[in-house]
1. Which value results when the Cα radius of gyration for segment 62-186 is divided by 2.2 N^0.38 Å?
2. Show me 25-38, 5-18, 141-154 ranked by packing, highest mean number of other Cβ atoms within 10 Å first.
3. Over all alpha-carbon pairs of segment 34-75, lay out the pair-distance distribution in 5 Å bins, whole %, shortest bin first.
4. What part of the accessible area of segment 4-52, given as a whole %, is carbon or sulfur when the probe is 1.4 angstrom?
5. Kindly express, to the nearest 10 degrees and within the range 0 to 90, the angle between helix 7-17's C-alpha long axis and the longest C-alpha principal axis of the chain.
6. Got a sec? Charge dipole of the chain, +1 on Cβ for Lys and Arg, -1 for Asp and Glu; which of Ala18, Pro72, Phe131 is way out at the positive end?
7. About its Cα centre, what dipole magnitude does segment 83-175 give when the only charges are +1 on Lys and Arg Cβ and -1 on Asp and Glu Cβ, stated in debye to the nearest 20?
8. Counting every Cα pair in segment 56-114, what percent are over 13 Å apart?
Amino acid sequence: MTTTPTLDELITLLVRGASEELCFSGVNHELREDGTWRRSRVWRQNRLARIEDLSGDSTLIAGDRTYWRKWPSDPTFVALERPADHDTFDLGSWTMLDPDEYWRDWLTQDAEAVLTSLRQVTYEGRDALQFVAPEVKGGMPTLTVDVELGLEVRAKRADVGVFHCWTDLRTDESMNDDLFLHTAPLSSNLGS
C-alpha cells in the first residue's frame, strides 16, 4: 500500500482476512487467561485447514465437509460434520460468521482513534498496517494487520502486552490437498 487507507478500505482488508479464501501457513500464539501461551502451527488453503501443536501432533484438520478433531485429554481423533455456513473450534475466531459486521461495528465506535493512529509498518518483513482499536475488555488494543492477507497478525494492549500474534507467516497457494485429510483410524467416522 502506498497510501494510508480509509476506514472502509481497512474494514474491507480485515474482512478478507476473516474469509475462507486465504492460503498461508504460520505459527499462531495466543495468551491464555492463566498467563500461559498456546502455540499452534497452522496451514490454511481456502476453506481447508490443519492445526498442529509445535511438537507436530495434529489437533484439528478441517476438510470441506468434515472436521477431524482431537482434544488434549483424548488422543483419539473424532470425525465431526463441518457446517457449511460457519466454523467452530479453533477456526471460529479466524473465520467469522459476519466479519464485515464485526469489524464495522467495533471500529466505527471510535473511528477517529483508528484513523489518527493508522500507519504503515513492517511486521516480520511483511507490509502491514497498525492502528489503535476502540476500547474492548478494559483497554484499547493496538492491532497489526498483514496487508497481503488481511489477517490480524499482532494484538497488544498496554496493560497485558502482546496477547495474540502470528510468526513465521508465509503465503503459499500450492499446498498438497493430502495435508488436509486424516487417514488414521477414528472413534467415529463421517467420511471425508
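1. Rounded to two decimals, the normalised Rg is 1.29.
2. 141-154, 5-18, 25-38
3. Spelled out bin by bin, segment 34-75 gives 6, 21, 27, 23, 15, 5, 2 percent.
4. So the carbon and sulfur contribution to the accessible surface is 44 percent.
5. For helix 7-17, the angle is close to 10 degrees.
6. Of Ala18, Pro72, Phe131, it is Pro72.
7. Here the size comes out at about 480 debye.
8. Above the 13 Å cut-off, segment 56-114 has 68 percent of its Cα pairs.
The values are calculated or read from the model by the stated rules, or taken from the named source; none is laboratory data. As the structure is a prediction and not an experimental result, all values here were calculated from the model. Using ideal geometry, Cβ is built from the backbone for each residue, glycine included, and neighbour counts are taken over all protein chains shown. When the accessible area is computed, the model is the full protein with side chains, heavy atoms only, and any ligands, DNA or RNA have been set aside. Shrake-Rupley method; radii C 1.70, N 1.55, O 1.52, S 1.80 Å.
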